[in-house]
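The values are calculated or read from the model by the stated rules, or taken from the named source; none is laboratory data. All values reported here derive from a predicted model rather than from experimental measurement. Note that each Cβ is placed from the backbone with ideal geometry, even for glycine, and that neighbours are counted across all protein chains shown. Just the protein is used for accessible areas: all its heavy atoms, side chains included, with ligands, DNA and RNA removed. Shrake-Rupley method; radii C 1.70, N 1.55, O 1.52, S 1.80 Å.
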Amino acid sequence: MHLYINTTSPFVRLVRLAIEEKGLADRVELEIVDPWADPETFLKANPAGRVPVLTTDDGHVFAEAHLILRYLDEIVQPSVYPSDDFARTLEIAAPALGAMEASTAIIIGRKSSAAFDTDMVGSKRFRSIESGLAWLDANLPRDFADRPDIANFAAVTLIDYVVFRFTDRDWLAGLPNLRAWRERQMGRPSVEATMPHI
């Protein structure tokens with residue numbers, strides 16, 4: 001399989017966490033691409049110009065992290081959307097995923113407006129991040145050691161992305177439960193191997 005990635009996208013990281021946790025790393029070729037540069041081969045694979053994009057062993061090509069996760073679940077179990085406590089897992093994941101969307105919207109918004117952070121849309125996106133983190137502090141996902149799933153994938157990805165992208169604040173200040181949860185995930189091979197970086 002082939003996966004177009006970049007090293008900062010939280011949506012790429014969701015997929016890479018699944019690849020690592022499912023033991024598929026030796027079956028997936030990673031190709032780093034700059035989606036903003038619109039390389040021809042990448043746009044042919046995904047005209048929307050977004051990562052991640054997966055090409056399967058039999059030549060199917062599709063984007064969007066959750067679709068790729070669904071495909072990977074067909075290859076190797078257990079599912080990252082586990083049937084045990086399914087609704088609660090989704091309930092925990094949803095605010096983290098929403099806050100991830102908000103955080104990437106800020107980065108993209110800054111490309112079009114220097115005042116994006118403080119305008120109406122930017123301010124709302126920052127509130128979404130703060131409320132998502134507060135939700136997680138009160139509704140912790142399982143530790144990776146207990147069971148890797150979409151909730152802990154989303155939580156660790158959100159925390160690490162906002163810490164990486166927005167260095168002017170302590171995002172976990174006042175969130176002792178979530179800070180302790182993140183510390184417990186340190187050293188997990190999948191988490192360490194997929195940390196965002198430039």
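Filter the range 36-81 down to residues that are surrounded by 16 or more Cβ atoms within 10 Å (Cβ to Cβ), modelled with pLDDT under 95 and on the phi < 0 side of the Ramachandran plot, then give me how many there are.
Within the range 36-81, residues that are surrounded by 16 or more Cβ atoms within 10 Å (Cβ to Cβ), modelled with pLDDT under 95 and on the phi < 0 side of the Ramachandran plot number 4.
Can you name every residue in the range 15-35 that is open to solvent by 30 Å² or more (accessible area, probe 1.4 Å), touching a residue at least 40 places away in the same chain (Cβ under 8 Å) and not small (Gly, Ala, Ser)?
Within the range 15-35, Arg16, Glu20, Glu21 qualify.
In the list Phe166, Phe153, Phe126, which residue meets the criterion of being in contact with a Ser or Thr (Cβ under 8 Å, 6 or more places away or on another chain) and not small (Gly, Ala, Ser)?
Phe166
Being at pLDDT 95 or above and surrounded by fewer than 17 Cβ atoms within 10 Å (Cβ to Cβ): is that true of Ala114 here?
no
Which pairs do you get when a residue that is within 11 Å of Phe153 (Cβ to Cβ), found in the range 89-100, comes within reach of a residue that is aromatic (Phe, Trp, Tyr) and in a helix (DSSP H, G or I), reach meaning Cβ atoms under 7 angstrom, with the pair 6+ apart or on two chains?
Met100/Tyr161
Find the residue count for the range 169-198, including only residues that are at pLDDT below 95 and among the charged types (D, E, K, R).
1
For residues that are assigned to a loop (DSSP other than H, G, I, E, B), aliphatic (A, V, I, L, M) and either within 25 Å of Leu24 (Cα to Cα) or in contact with a helix residue (DSSP H, G or I) (Cβ under 8 Å, 6 or more places away or on another chain) (or both), tally how many sit in the range 73-114.
Residues in the range 73-114 being assigned to a loop (DSSP other than H, G, I, E, B), aliphatic (A, V, I, L, M) and either within 25 Å of Leu24 (Cα to Cα) or in contact with a helix residue (DSSP H, G or I) (Cβ under 8 Å, 6 or more places away or on another chain) (or both): 2 in total.
Given the criteria small (Gly, Ala, Ser) and either open to solvent by less than 10 Å² (accessible area, probe 1.4 Å) or assigned to a helix (DSSP H, G or I) (or both), does Gly132 qualify?
yes
Going through the range 83-100 one residue at a time, which ones are surrounded by 17 or more Cβ atoms within 10 Å (Cβ to Cβ) and not hydrophobic (A, V, I, L, M, F, W, C)?
Listed by number, the residues that qualify are Thr89, Pro95, Gly98.
Take the residues in the range 138-166 that are touching a Phe, Trp or Tyr at 6+ places or on another chain (Cβ under 8 Å) and in a helix (DSSP H, G or I), then tell me which one is farthest from Tyr81 (Cα to Cα).
Val163
Is there a residue being open to solvent by less than 30 Å² (accessible area, probe 1.4 Å), small (Gly, Ala, Ser) and in a loop (DSSP other than H, G, I, E, B) anywhere in the range 6-14?
yes
Here is a list: Asp119, Asp149. Which entry is acidic (Asp, Glu) and either in contact with a helix residue (DSSP H, G or I) (Cβ under 7 Å, 6 or more places away or on another chain) or at positive phi (or both)?
Just a single option satisfies the conditions, and that option is Asp149.
Can you pull out every residue in the range 103-143 that is closer than 22 Å to Trp181 by Cβ and touching a Gly at 6+ places or on another chain (Cβ under 7 Å)?
Ser128, Gly132
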